[in-house]
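Structure first, then comments.
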Amino acid sequence: QIKRQSDDRIRDFESKLTKRKPMPGICAVVVGAFYGACIGLFIGGILCTFMCMSDTEIDLEALFLICGSVGAVISAVMCYQDEERYSETFNYMNKSIYEEKRNTPKRVQDMEDETERKIKAYRDKFEEAAKEMSIKFAESQLATEVIQWMTKGFSETIDSADRRSHIERIEIPFVFKVYGEKITCNLGVFDFEIKRCHKLETPLERTALARAIASAIQLNITIQYPKDASGTDIITNIDYCYEKEAVSANLVYTAVNGNYQAVRDWSE
C-alpha cells in the first residue's frame, strides 16, 4: 500500500511537469525582450498607419523606437518572472519526486518493522493464553483418554524400532493434528462427534489442546524410557505447526543406537 501510494504521488508530480527545462534568467530576458520588441513594433506600425491616415505630424522612427523599447522591457520583465515561477515549480516537483523515491524504502522498512513487532506481540500473547488453557485441558478426562491412547501407540512404535548394528541413530516421529471436530494421528482418528465431546471453536482452543497432549506425551515417554532399549540417552522434541484448520504437533524420539557397530575393513 505504501509503494502504491508513493507511485501515485510520483505520477501526480510528473503530470505537473513538462519536458522543457527552465531557462537561465538571462535567456528568459533576451527571449522576452525579442518577443516584446516584435509586438511593440507591430503596435507601433499600427499607430503609425493611423497617424498617417489622420495627417498627424509625428516622428515615425521615434514612435517605432518607443513602442519597441516599451514592449521589449515589459515582455522581458514578464517573461523573467514567469520563468522564475516555472523554475521554482519545476525544481519543487523534481525535488518532491526525488524525496518520494528516497523516503519510500524507509517508510516500507518502518512499516515492516512495526508489523513484525505487532505480530511478535500477538504471538507472545497467544502462546501465553494457550499455555494457560492447556493446563486446564490436560487435567480433563477427555484429554487423559487421548493422551493414554497416543502414548500407548507411540511406545509400541518405539519398542518395535530397528536397533540392529547397522542403524547408527534411532529417530521415531509421532505426528498428530488437532482440528475443530477431530484429532488425527499415526494411530487413527479421534472423532469428537463419535466420542461425544464438544467441538473446538477457536484456534486458541485447538492450540491449547495440542500443547496439552504433546507435553503430556513427552513427559510420559521421558518417564517410561529413562534410557533407550539399547542403553543410550533419549531426547523427545516437539515442533508445532499452525495451519488454517488445524494445529499439528510433531514429536520425535531420538537416541543413539547403543548396538551400532562401525564398518569393518576386510584388511583388518
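Sort out which residues of the range 237-250 are touching a Ser or Thr at 6+ places or on another chain (Cβ under 6 Å) and either at pLDDT 95 or above or within 22 Å of L142 (Cβ to Cβ) (or both), and write them in order of number. Quick ask: steps written out before the conclusion?
Filtering the range 237-250 for residues touching a Ser or Thr at 6+ places or on another chain (Cβ under 6 Å) gives 241, 247.
Passing the criteria: only V247.
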Just a yes or no: is a residue in the range 159-172 over 20 Å from I135 (Cα atoms) and under 40 Å from the mean Cα position of the chain (by Cα)?
yes
Considering Q141, Q109, which residue is of a type outside the set (G, A, S), more than 24 Å from Y242 (Cβ to Cβ), within 32 Å of the chain's Cα centre (by Cα) and at pLDDT below 95?
Q109
Any idea which residue in the range 194-231 is least open to solvent (accessible area, probe 1.4 Å), counting only those that are of a type in the set (S, T, Y) and in contact (Cβ under 8 Å) with a residue 12 or more places away in the chain?
T207
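Which residues, counting only those in the range 115-138, are open to solvent by less than 100 Å² (accessible area, probe 1.4 Å) and either at pLDDT 90 or above or in a strand (DSSP E or B) (or both)? Give the steps one after another, and end with the answer.
Pass one, the range 115-138, residues open to solvent by less than 100 Å² (accessible area, probe 1.4 Å): 115, 119, 121, 124, 126-130, 133-134, 137-138.
Answer for the range 115-138, where residues must be open to solvent by less than 100 Å² (accessible area, probe 1.4 Å) and either at pLDDT 90 or above or in a strand (DSSP E or B) (or both): I119, A121.
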Looking across the range 232-251 at residues that are open to solvent by less than 50 Å² (accessible area, probe 1.4 Å) and over 33 Å from the mean Cα position of the chain (by Cα), the single one that is farthest from R164 (Cα to Cα) is T236
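When residues of the range 151-180 are filtered for being open to solvent by less than 20 Å² (accessible area, probe 1.4 Å) and in a helix (DSSP H, G or I), how many remain? Steps first, answer last, please.
Step one: list which residues in the range 151-180 are open to solvent by less than 20 Å² (accessible area, probe 1.4 Å), which gives 151, 153-155, 158, 170, 172, 174, 176, 178, 180.
Now restrict to residues that are in a helix (DSSP H, G or I): 151, 153-155, 158.
Residues flagged as open to solvent by less than 20 Å² (accessible area, probe 1.4 Å) and in a helix (DSSP H, G or I) within the range 151-180 amount to 5.
The values are calculated or read from the model by the stated rules, or taken from the named source; none is laboratory data. Predicted, not measured: the structure shown is a model, and the values here were computed from it. In this analysis, Cβ positions are derived from the backbone assuming ideal geometry, glycine residues included, and neighbour counts consider all displayed protein chains. In case anyone asks, the SASA skips ligands and DNA or RNA and just uses the protein heavy atoms, side chains included. Shrake-Rupley method; radii C 1.70, N 1.55, O 1.52, S 1.80 Å.
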